[in-house]
Amino acid sequence: MRFIRGIRGLVWLVLAVGLMGTPLAGAAEPVTGQLTPKLDRLLRQEMRAIDGAMRAIFGALVSGNHAAVAEKARRIHRSFILQRELTAADRRDLKAAVPPAFLRLDKRFHDKAAALAEAARAEDPDRQLRVFREMTGACIDCHRRYVSDRFPGLAD
């Protein structure tokens, strides 16, 4: 029962954050135009994969499929852009295009995915839900701060 209430809380959290007019954190300049075409393509590819995994995690969470939550969360954790096979020039371009806070936020998100996988392996639905909420909030925060040009519904 507590788990079901937690899912309702997640839905309300997502709705509330999406509808509120004040940002979760200070807005920054969108980074979209600063990326090289290759980095833009890689980031979009990674975001599509994360979006699909987050949707699958939600379904697995509400059905108690701990193994699926763990697998999808592990995949998100491993998709960290700086862990890809980027050239040294790509890494320099990325660091020049985005502020350090963007990279820290991205790393924390992927660390949360590892924590979600751990909670799923421990078959702890309450902890899974808490971490999933944190991951969802991090997505919204990043999109609001750094890609508000692509997500005008999250802009200040």
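How many residues does region 50-75 contain that are surrounded by 14 or more Cβ atoms within 10 Å (Cβ to Cβ) and either part of a helix (DSSP H, G or I) or of a type outside the set (S, T, N, Q) (or both)?
Qualifying residue count, region 50-75: 18.
With closer than 13 Å to residue 77 by Cβ, assigned to a helix (DSSP H, G or I) and aromatic (Phe, Trp, Tyr) as the only criterion, which of 102, 109 stands out?
Answer to the check: 109.
Output yes when any residue across region 131-138 is among the charged types (D, E, K, R), surrounded by fewer than 20 Cβ atoms within 10 Å (Cβ to Cβ), free of Cβ contacts under 8 Å to residues at least 24 places away in the same chain and closer than 27 Å to residue 153 by Cα, and no when none is.
Checked region 131-138: at least one residue is among the charged types (D, E, K, R), surrounded by fewer than 20 Cβ atoms within 10 Å (Cβ to Cβ), free of Cβ contacts under 8 Å to residues at least 24 places away in the same chain and closer than 27 Å to residue 153 by Cα.
Conditions first: (1) surrounded by fewer than 16 Cβ atoms within 10 Å (Cβ to Cβ); (2) free of Cβ contacts under 8 Å to residues at least 60 places away in the same chain; (3) part of a helix (DSSP H, G or I). Residue 123 passes all but one, so which condition is the exception?
Here residue 123 clears every test but (3).
Residue 87: surrounded by 12 or more Cβ atoms within 10 Å (Cβ to Cβ) and at pLDDT 60 or above, yes or no?
no
The values are calculated or read from the model by the stated rules, or taken from the named source; none is laboratory data. Just so it is clear, the model here is predicted, and its values are computed rather than measured. We place every Cβ from the backbone using ideal geometry, glycine too, and count neighbours over all the protein chains shown.
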